[in-house]
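These notes concern the structure reproduced below.
The values are calculated or read from the model by the stated rules, or taken from the named source; none is laboratory data. Keep in mind that what you see is a predicted model, and the values were worked out from it rather than measured. So basically every Cβ, Gly included, is an ideal-geometry build from the backbone, and we count neighbours across all protein chains shown. Keep in mind that these areas ignore ligands, DNA and RNA; they rest on the heavy atoms of the full protein, side chains included. Shrake-Rupley method; radii C 1.70, N 1.55, O 1.52, S 1.80 Å.
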Amino acid sequence: MKLYDLALSGNCYKVRLFASLIDIPLEIVPVDFMQGEHKKEAMLKLNPWGEIPVLEDGSVILRDAQAILVYLANKYGGEAWWPNEAHLQADVMQWLSTASNEIQHGPNVARLIKKFGFESDLTQSLERSYKILALIDDHLAHHNWLAASRPTIADCAVYPYISIAHEGEVAIDSYSNIKAWMNRLEQLPGYVSMPGN
Ligand SMILES: N[C@@H](CCC(=O)N[C@@H](CS)C(=O)NCC(=O)O)C(=O)O
């Protein structure tokens, strides 16, 4: 199974982290992002969106980190990580959406601006970051894990960009429940880090 990957990408890290937690081997195919390889013909054949991560598992080709997590959990991770029960599955899904919306437009954008010099609205990305961090911190005051009372792909989707939020100069030190949750996640067997966290 191949993961078209960039080491510095939090979205790619979501997949690397989960694959490691469930102990499945991934063949990492580094994509030369700085040279725009993800926008060239070979990669666009795999993902016309021109984005990574992309997973290739035999004839199955998938884009979007959240979708890839659902696939891997369903196929290889089992019910523990992606519950069957309707309300628990929807609970996990809420957080996958949070990862691709509020987190992507908050801490991820702040990091793109501060670490990589992207042009975007820093004030807006910081406002969005602190709004979602406060909500997550409140949630974690009463929950050890984001969804389903156990580690799931919800945690794998939300954790990466929070763990590197400091690279966007988003301060997470005052969010004690988030910090405790990050510690719990970092103690899971198979946990792997990414550059910066
Ligand atoms: N919805 C996608 C977004 C992936 C994404 O934005 N990937 C970045 C790298 S972290 C990328 O490939 N950006 C290239 C571009 O937007 O042109 C996901 O969650 O995987």
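Here is a list: Ile103, Ile132, Ile68, Ile113. Which entry is closer than 25 Å to Glu51 by Cα, assigned to a helix (DSSP H, G or I) and touching a strand residue (DSSP E or B) at 6+ places or on another chain (Cβ under 7 Å)? On inspection, the qualifying residue turns out to be Ile68. Of all the residues in the stretch 25-59, those that are open to solvent by less than 70 Å² (accessible area, probe 1.4 Å), within 14 Å of the ligand (Cβ to nearest atom) and part of a loop (DSSP other than H, G, I, E, B) number 6. Comparison of Leu88, Leu96, Leu72, Leu62 shows that the only residue that is over 19 Å from Arg16 (Cα atoms), open to solvent by less than 60 Å² (accessible area, probe 1.4 Å) and among the hydrophobic types (A, V, I, L, M, F, W, C) is Leu88. How many of the residues making up the stretch 106-130 are within 11 Å of the ligand (Cβ to nearest atom) and within 19 Å of Tyr13 (Cα to Cα)? Number satisfying all stated conditions: 5.
Summed over the stretch 5-24, residues that are over 8 Å from the mean Cα position of the chain (by Cα) and either part of a helix (DSSP H, G or I) or within 13 Å of the ligand (Cβ to nearest atom) (or both) total 11.
For (1) free of Cβ contacts under 8 Å to residues at least 12 places away in the same chain; (2) over 24 Å from Ile113 (Cβ atoms); (3) of a type in the set (Lys, Arg), each residue gets a yes or a no:
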residue: Asp5; (1), (2), (3): no, no, no
residue: Gly36; (1), (2), (3): yes, no, no
residue: Lys40; (1), (2), (3): yes, yes, yes
residue: Glu51; (1), (2), (3): no, no, no
residue: Leu55; (1), (2), (3): no, yes, no
residue: Ser59; (1), (2), (3): yes, yes, no
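I'm trying to understand the selection: among the residues of the stretch 163-187, which are within 16 Å of the chain's Cα centre (by Cα) and surrounded by fewer than 14 Cβ atoms within 10 Å (Cβ to Cβ)? Of everything in the stretch 163-187, just one residue is within 16 Å of the chain's Cα centre (by Cα) and surrounded by fewer than 14 Cβ atoms within 10 Å (Cβ to Cβ), namely Glu186.
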